[in-house]
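Take a look at the structure set out below.
Derivation of every value follows stated rules applied to the coordinates shown; laboratory data play no part. Everything quoted here is computed from the prediction, not taken from an experiment. Methodologically, a virtual Cβ is constructed for each residue, glycine included, from the backbone with ideal geometry; neighbour enumeration extends over all protein chains shown.
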Amino acid sequence: YTFAALGMGEAIPISAYHDIGITELMDTVLAHVDDQFADETPDDVIRVAIAGRPNVGKSAIFNALTGEERSIVSPVPGTTRDTVDAVYEYKGNHMMFLDTAGLRRRGKTEQGIEKFSAIRTIGAIERSDVTVIVLDATEFVTAQDTHIGGFAQDAYKAGVVVVNKWDLRGEVDTTFEEAVVEIRDRFKFIPDAPMLFTSALTGRGIRAIPDAVRRTFSQFVKRVDEAELSRTLYAALGDRPLPAKGRRRPRISGIEQVSVRPPTFVITCKNPESLHFSYKRYLENRLRESFGFKGSPIRMFYRGGN
Ligand SMILES: Nc1nc2c(ncn2[C@@H]2O[C@H](COP(=O)(O)OP(=O)(O)OP(=O)(O)O)[C@@H](O)[C@H]2O)c(=O)[nH]1
Ligand SMILES: [Mg+2]
């Protein structure tokens, strides 16, 4: 109460020694901090979160990309605790790379500093345009990797998949072809994301990362031609007609792109509630066939009307 009288706001009782109240403290501090820093980067900067499990080489990639030893690289999993960022210029594009803390499995991340790191990482993904998901060539596509991809998907971010430590691939029995098939399968939810094979140790493949980021970003901010969009919709409707009978049958009459980051579409549809999700997926696939959107999510909304 003495503290409250000083007008400094809420007091949070903690014991660092007993690890009591630390999580609450972090949450309270972050509640004040995050918004303030959320949008200070100018709009022409492509924000790129480098995410992945602990120890896959995120910081090593970050350093190799930025040409500086800014981030600590060490064989101890969980070295990076807080997000480190650096702006880098590539063919006229400014990119801000965010090196993040390695995300562990759910459940293990709930305590103190670990939870803080996870919140920062998810925050970095949310602030990014493109998430670079880093995998380790010696421990191929684990459930955790897919989980991290899921975060990027839930946040509607574009994705690039990087298989790092490719110099060690001889230690395991994975060929390039097998790797490609496996990754495509596990990351189906990021359709056609660019896939790169790198070694932060030798530098191999590292310079392809900014180019892949730029390509994916261009899909993420793509605005398509209105007439072509309508043509694509009507062709899709023609190829797989909706039921012609029934009182509550869905009737689609138009499409419009309402935004980018990611490309977002509104489809005018009578009785949208009776439109089957497989038909919605079919329409999304037709849009992707026509316009690409490789490595980028797209959003589709159905609005009632005629
Ligand atoms: N052989 C090989 N080792 C690598 C490569 N990239 C990173 N390493 C090593 O892997 C270990 C982890 O690298 P970091 O860059 O610290 O990994 P991180 O993903 O940032 O790890 P956290 O910050 O703990 O999540 C270090 O010992 C690196 O030297 C690579 O391409 N090949
Ligand atoms: Mg690190």
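Details
- Listed by Cβ neighbour count within 10 Å, with the fewest neighbours leading, K222, K245 appear as K245, K222.
- Taking a straight Cα-Cα cut-off under 25 Å and skipping sequence neighbours fewer than 8 places away in the same chain, the lysines within cross-link reach of K245 are K270, K280.
- Violating pairs (Cα-Cα greater than 19 angstrom) within the set K58/K165; K157/K294; K157/K188; K165/K188: K165/K188
- In order along the stretch 180-197, phi translates into HN-Hα couplings of 4, 4, 4, 5, 4, 5, 6, 10, 3, 6, 10, x, 6, 4, x, 10, 10, 10 Hz, rounded to whole numbers, per the Karplus curve 6.51 cos²θ - 1.76 cosθ + 1.60 with θ = phi - 60° and x for Gly and Pro.
- Backbone HN-Hα couplings from phi across the stretch 204-210 [Karplus 6.51/-1.76/1.60, Hz, Gly and Pro as x]: 4, x, 5, 6, 7, 5, x
- Packing-based exposure ordering (other Cβ within 10 Å, fewest first) of E284, E89: E89, E284
- Computed over the stretch 226-303, the P(r) curve from all C-alpha pair distances, binned at 5 Å from the origin, holds 3, 14, 28, 28, 16, 7, 2, 1 percent per bin.
- Leading residue at positive end of dipole, the stretch 41-219 (Cβ point charges), from H94, F140, V84: V84
- Amide H within-cut-off set for F265, under 5 Å, with H built and near neighbours excluded: V258, R299, M300, F301
- Residue among A208, F220, L233 farthest towards the positive dipole end of the stretch 171-252, charges placed on Cβ: L233
- Charges were assigned to the Cβ only: +1 to each Lys and Arg, -1 to each Asp and Glu. The resulting dipole of the stretch 226-303 about its Cα centre is roughly 380 debye.
- Backbone HN-Hα couplings from phi across the stretch 149-158 [Karplus 6.51/-1.76/1.60, Hz, Gly and Pro as x]: x, x, 4, 4, 5, 4, 8, 6, 9, 6
- Dipole moment magnitude, nearest 20 debye, the stretch 41-219 about Cα centre, only Lys, Arg, Asp, Glu C-beta charged: 280
- Ranking of V132, V181, V213, V141 by neighbouring Cβ atoms within 10 Å, starting from the fewest: V181, V141, V213, V132.
- Farthest toward positive dipole pole in the stretch 224-306 [+1 Lys/Arg, -1 Asp/Glu at C-beta], among Y302, V258, S290: Y302
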